[in-house]
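The structure appears below as structure tokens.
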Amino acid sequence: MPRGISVSADLRQLLYNAKYSDISVVCSDGELPAIRSILAARSEVLDNQLYSSSTTTSTISFPDIKISAMKAILEFLYTGAIGDNVLTIDNAIETYHAADCFQLTPLKDDIVLYVRETLKDSHIDLAAKLLSEAAEKMQSRIDNPLFKLLSKRVAATPLHSIRYDRLNSEALQVLLSQTLNKKDEFFATPEYGVVRYVVLWSANTVSPKALKFYDTHLPTTESIERSIPKEALSEAALSDPGYTDSKDQMTKLITPIAKNIDLSLLHPDVIANIIEPLDIFPARKLLEAYRFHSTNKIFSNDRRGLPPFRWDRSFCGNGLVLSDQGTVVSAPPTVTLHQSVRAVNCFSSPRVYEWDVVIEETCGWAWVGIVDSNEEQIDYQIFLGGQNGAWILGSNGSSYHEKLTKQHVVPSFESNGTTVTVHLDLRRKTMAFSIDGTKHPEAFTNLPDKVHPAVSLVGSGRFKILPHM
């Protein structure tokens, strides 16, 4: 491109060009030529470093920033954007850290968007790995949008599905501190599952022998949900070398993490018969839990946040099939008329709720929306549209409530893999929808105070419900 047409293209020609450079930026693994006046003009932090004294230096050093991240920083400072392949998932955390150091808020926002898009189709281990990198690299964690994004992504997945080597101690502390006492946010793992994961994570760090002991003697979350243990761990079990040889190391690893674990969310018999005999949790945490249960005789909640989304077998058409731990509902080809299902999740607080329904396999018109929790006459054996207490959006783009339809609310969505995001605002009693990330105007107003997510589908349809990221 000839010069003079694009400012950013012209300035890009100055990048790493020794002919025009007057300073060397020294990183932990190399150095890059740069122009001090551009750096100073674009970052107040760099301006203070470069022009704070009368002495002119030929180098400026950042020993905790790698050259791959600095290349992204310099390209942004020169051109206001980052080209393809400069920002990657491998250097995203490092680049965010550098952007934070130089107070480049627009670049930080771009990195968060890039990470969010990358995580959409990635295994949970990637989010856990990035959280570990961020927790190890950065100290500024309160109100940090990157930490919030990564914590939310990890929190939405049962911890037992994450490899132990993907989360370090700092990441576990960030995850658990950012989700503790957040009763109105989603957390997929019951608190006992948190305890078990932290214990097994610690044992995996100590030795294979320790991991084998704790994996054997700590009941799974599923078994705890079926039956609360009535007998304490035996003396024989506690004399196992896998326990005795690792106890001190286990206690040391667990103690800093335990401050963000709420043992009061465990059944008192689980605390007394499993957790306390192991003697690896701080005594203060046990005492807090016992005091809580002494004044709260009814045990009614086992998790720190809202439960994960799943469909409710008790409010489901007879022909529909639930799978994948209740997150997926399918209609076999024999279901020739629409049937419906609602989720177990009930929303009533005056706040915004968001969830995704992924149309894994489409059908003859897919319908997504909500039902009134207080409406007892809803029939899930038939189509929700036309029934009192249902507000749904169809794949033909129309909305339906009490036989009243509105056309072209959103563009039609009839492809496999379409993601319908529901935006429910119970402060304003409204609901809007996004189709594959594009949000559309409000479809419904004057909604009831208490609702459940719901869908209607017909033969060959397959819908998955999950929290919106």
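Laboratory data are not the source of any read-out in this text; all were calculated from the coordinates shown. As the structure is a computational prediction, the values presented were derived from the model and not from experiment. All Cβ positions, glycine included, derive from the backbone under ideal geometry; neighbour counts span all protein chains shown.
Computed from the C-beta positions of Ser24 and Ile228 and an R0 of 60 Å, the FRET efficiency is 0.40 to the nearest 0.05.
Spin-label model, Thr336 to Ala237: label points 7 Å out along the Cα-to-beta-carbon direction sit 5.6 nm apart.
Assign unit charges at the C-beta atoms only (+1 for Lys and Arg, -1 for Asp and Glu), then state the dipole size of the stretch 147-187 relative to its Cα centre in Debye, rounded to the nearest 20.
Result for the stretch 147-187 is approximately 100 debye, rounded to the nearest 20.
Sort the stretch 107-156 into rounded, prolate or oblate with this rule: let a ≥ b ≥ c be the square roots of the eigenvalues of the Cα gyration tensor; rounded if a/c is under 1.5, and if a/c is not under 1.5, prolate when a/b is larger than b/c, oblate otherwise. Oblate, because a/c is 1.5 or more while a/b does not exceed b/c.
When +1 charges are put on Lys and Arg Cβ atoms and -1 charges on Asp and Glu Cβ atoms, the dipole computed for the chain relative to its Cα centre reaches about 460 debye. Restricting attention to the stretch 191-295, the count of lysine pairs at 8 or more positions apart or across chains with alpha carbons under 20 Å apart stands at 8.
Dividing the summed helix terms, -39500 (n - 2.57) for each DSSP H run of n ≥ 4, by the number of residues in the chain produces a 222 nm estimate of -10000 deg cm²/dmol to the nearest 500.
Once you charge only the Cβ atoms, +1 for Lys and Arg and -1 for Asp and Glu, what is the size of the charge dipole of the stretch 7-118 about its Cα centre, to the nearest 20 debye?
That gives a dipole near 240 debye.
Reducing the stretch 332-388 and the stretch 67-98 to their Cα centroids gives an inter-centroid distance of 44 Å. Whole-Hz Karplus values for the stretch 274-283 come out as 10, 6, 5, x, 5, 6, 10, 9, x, 4 Hz, taken residue by residue from phi with 6.51 cos²θ - 1.76 cosθ + 1.60 and θ = phi - 60°; glycine and proline positions read x.
Under the combined filter of DSSP loop state and at most 10 neighbouring Cβ atoms within 10 Å, the stretch 364-469 retains these trypsin sites (Lys or Arg not before Pro): Lys403, Arg427.
Measuring between their Cα centroids, the stretch 173-225 and the stretch 398-469 lie 35 Å from each other.
Extending 7 Å from the Cα toward the beta-carbon at both Thr438 and Asn204 defines two label points whose distance is 4.1 nm.
With both labels modelled 7 Å from their Cα along Cα-to-Cβ, the Ser349 to His408 distance reads 4.0 nm.
Between the listed residues Leu107, Ala41, Thr56, the Cα displaced farthest toward the positive end of the dipole of the stretch 31-159, a dipole computed from Cβ unit charges relative to the Cα centre, is found at Leu107. The GluC sites (Glu not before Pro) found in the stretch 217-261 that occupy coil by DSSP, while having at most 16 further C-beta atoms within 10 Å, are Glu231.
Let a ≥ b ≥ c be the square roots of the eigenvalues of the Cα gyration tensor of the stretch 311-467; is it rounded (a/c under 1.5), or, if not, prolate (a/b larger than b/c) or oblate? Taking the square roots of the gyration eigenvalues as a ≥ b ≥ c, the stretch 311-467 is rounded. Size estimate for the stretch 45-177 follows the Kirkwood approach: the inverse of mean 1/r over distinct Cα pairs works out to 15.9 Å. Within straight-line reach of Lys71, meaning a Cα separation under 27 Å, sit the following lysines at least 8 residues removed in sequence or on another chain: Lys19, Lys108, Lys120, Lys129, Lys137, Lys148.
Taking the stretch 80-102 and a reference point 7 angstrom along Cα→Cβ of Glu44, the backbone N atoms nearer than 17 Å belong to 99-102. Where the alpha-carbon atoms of the chain are placed on the principal axes, they occupy 78, 69, 38 Å, in descending order. A DSSP coil position with no more than 11 other Cβ atoms inside 10 Å describes the following trypsin sites (Lys or Arg not before Pro) in the stretch 248-350: Lys297.
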